[in-house]
Amino acid sequence: MDYQKVLNDLIENLINQDGSDLHIGVGRKPALRINGQLIFLLNNDIMKKEDVIGILEILIGKERVKKFIEEKGVDFSSNFNNGKVQLRGNAFFQKGLICIAIRLVPKAKSFENLNLPMILKDFTRKKQGFFLVVGPVGQGKSTTLSTMVNMINSETSAHIITIEDPIEFIYQPDKSIVDQREIGVDASDFLVALKAAFREDANVILIGEMRDSDTISAAVTAAETGHLVLSTLHTNNASQTIDRIIDSFPSDQQGQIRLQLASSLLGIFSQRLIPRVAGGRIPAYELLINNKAVANLIREKRTHEIDTVIETSSHEGMVDMNRCLIDLVQRGEISLESAYEYSINPKALEQMF
């Protein structure tokens with residue numbers, strides 16, 4: 001079988017239907033995720049083991065497939081249509097059967113195209129500090145960060161280093177130098193690559209994901225020592241993000257990380273992609289900006305009060321998630337049902353209508 005053609009047809013279908021993900025697995029038909037919903041391709045055949053392996057060999061090569069079978073999992077990036085379309089994926093086993101999840105990496109867009117708040121541009125112009133984009137998997141965190149990196153690249157003569165596993169967006173150097181390092185290819189792990197960035201004359205460091213306290217500690221130190229550090233975490237909102245960072249450290253180190261975070265944090269942007277009434281998805285978001293009040297709450301172990309600061313600080317540019325949801329409902333962008341479904345605090349949302 002021509003597995004290159006099979007893969008091409010599946011990716012073209014994903015693109016044509018404006019989908020985000022392709023799922024392939026032994027013993028089932030392929031499925032696309034479109035506007036957050038999984039849709040099986042009923043006209044396709046059920047995938048056999050040799051089919052899935054054949055497609056995976058196209059994506060990562062025969063040698064890496066052999067290693068994958070030994071290690072039972074692999075992250076990868078690939079391209080389609082002569083590099084015009086970028087893919088990222090993960091192959092894994094379930095019940096002894098091979099599955100592949102492939103995400104279509106969207107092309108770089110502007111803040112306006114993505115319906116992101118213009119205040120995010122302010123953070124791209126900072127010379128140093130720590131900025132996080134958070135939210136569950138598949139909510140556009142990487143896309144938001146790539147838009148910020150592209151703005152820095154187009155406006156500033158800087159040395160930008162990205163540390164990713166795997167590389168997602170491919171950046172074309174404009175006014176900046178953009179060096180992209182892939183874990184497992186260009187560096188052994190995030191911490192090694194991040195420490196090396198201190199010696200590589202970096203101005204901006206993008207960390208694809210902070211996975212442990214050592215990486216977080218190095219990232220915060222970088223933010224304190226003249227670098228703009230951008231990264232992601234799989235957390236629900238700003239206050240939870242701060243707690244997650246602090247709790248990842250042993251108790252005897254938490255006081256120090258609180259002090260460092262209070263002084264180096266620029267902001268936390270939490271986002272969700274919500275089904276649009278007119279089709280497609282639109283972001284709802286929360287934005288925390290680190291001011292004196294927030295820094296004091298972090299230092300004094302009162303992060304549970306941060307939500308109140310966000311709610312009462314819209315005049316400083318902060319955005320409350322429920323307030324954002326209400327605005328989207330009133331503009332006719334999303335349904336009231338979606339607002340309640342995606343709200344972190346539905347009871348508070350009900351009181352605001």
Please compute, for the alpha-carbon atoms of the stretch 3-105, the extent along each of the three principal axes and give them in descending order in Å. 35, 29, 23
With Kirkwood's inverse mean 1/r over C-alpha pairs for Rh, give me the Rg to Rh ratio of the stretch 96-143, two decimals please. 1.11
Once you charge only the Cβ atoms, +1 for Lys and Arg and -1 for Asp and Glu, what is the size of the charge dipole of the stretch 73-124 about its Cα centre, to the nearest 20 debye? 160 debye
Which one, I289, S263, S77, is farthest towards the positive end of the dipole of the chain when Lys and Arg carry +1 and Asp and Glu -1 on their Cβ? S77
In Å, the Kirkwood hydrodynamic radius of the chain over pairs of distinct alpha carbons? 21.6 Å
Two decimals, Cα atoms only, Kirkwood Rh: what is Rg/Rh over the stretch 104-248? 0.93
Tilt relative to the chain, helix 321-330 - C-alpha long axis, 0 to 90 degrees, to 10: 70 degrees
At 7 Å along Cα-to-Cβ for each site, give me the label-to-label distance between K29 and D327 in nm. 4.2 nm
How do the peptides 89-96, 165-172 rank, highest first, by the average count of neighbouring beta carbon atoms within 10 Å per residue? 165-172, 89-96
Determine the dipole magnitude for the chain: charges of +1 sit on the beta-carbon of Lys and Arg, -1 on that of Asp and Glu, nothing else is charged, the reference point is the Cα centre, and the result goes in debye to the nearest 20. 220 debye
How tilted is helix 3-16 with respect to the longest principal axis of the chain? Cα atoms for both, answer in degrees (0 to 90, nearest 10). 40 degrees
Segment T308-T225, length gained on full extension (0.36 nm per residue, minus Cα span): 26.8 nm
From phi via Karplus (6.51, -1.76, 1.60), per-residue ³J(HN,Hα) for the stretch 24-33 in Hz, x at Gly/Pro: 10, x, 5, x, 8, 7, x, 9, 10, 9
In the chain, what % of DSSP beta bridges are antiparallel (nearest 5)? 60 percent
Please check which bits of the stretch 64-102 a label hung off Q172 would reach, taking the label as a point 7 Å along Cα-to-C-beta and the cut-off as backbone N under 18 Å. 79-87
Nearest 10 degrees, 0 to 90: helix 49-60 Cα axis against the chain principal axis: 60 degrees
Kirkwood hydrodynamic radius of the stretch 199-353 from all distinct Cα pairs, in Å? 16.8 Å
Which of the peptides 148-159, 39-50 is most tightly packed, and how do the rest follow, going by the mean number of other Cβ atoms within 10 Å of each residue? 148-159, 39-50
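Where a number appears in this text, it was derived from the coordinates with a stated rule and is not lab data. Computed from a predicted structure; not experimentally measured. All Cβ positions, even for glycine, are placed from backbone atoms using ideal geometry, and neighbour counts span all protein chains on display.
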